[in-house]
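The values are calculated or read from the model by the stated rules, or taken from the named source; none is laboratory data. Predicted model, so just to flag it, every value in this text is computed and none were measured. Cβ placement follows ideal geometry from the backbone for every residue including glycine, while neighbour counts extend to all protein chains displayed.
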Amino acid sequence: MKWRKTNSGPLARIRKRKWYNSLIINLKNGRTPYHDLASVIPLAHPTISQHLKVLREIDLILVEEKVPKTFYEINHVTCQQYLQFLKTLVFELEEDLNPSIPASPEF
């Protein structure tokens, strides 16, 4: 079977862009108002909003709207699920590439 690289979908969009990482890093200390994010990310407000929308679409962040402010925070449940998936995937790939690694641990 021949695999082809896919560059579509929300995850593909975020993997190459440092601003997604910057947004997530700025949310690591908890619930943060949009204004605080916009003050540390040197992008236009519509661009920041678009990046936050992508992160919401893949459920990495949660949004709470309390007029007049909008708050964002990391969705820890989804992040843990992604992390678990990646750990398992990396372990299985390493096992295939290096058969001397013992059987898969329980994560």
Which ones in segment 23-35 are surrounded by 11 or more Cβ atoms within 10 Å (Cβ to Cβ) and polar (S, T, N, Q)? Asn26, Thr32
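Mind listing whichever residues of segment 61-107 are assigned to a loop (DSSP other than H, G, I, E, B) and either at pLDDT 90 or above or closer than 30 Å to His45 by Cα (or both)?
Across segment 61-107, the qualifying residues are Val67, Pro68, Asn75.
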Starting from residues that are among the aromatic types (Phe, Trp, Tyr) and in contact (Cβ under 8 Å) with a residue 12 or more places away in the chain, keep the ones in segment 42-85 and report whichever is surrounded by the fewest Cβ atoms within 10 Å (Cβ to Cβ). Tyr82
Would it be correct to say that Ala38 is exposed (fewer than 11 other Cβ atoms within 10 Å of the Cβ) and either at pLDDT below 90 or small (Gly, Ala, Ser) (or both)? no
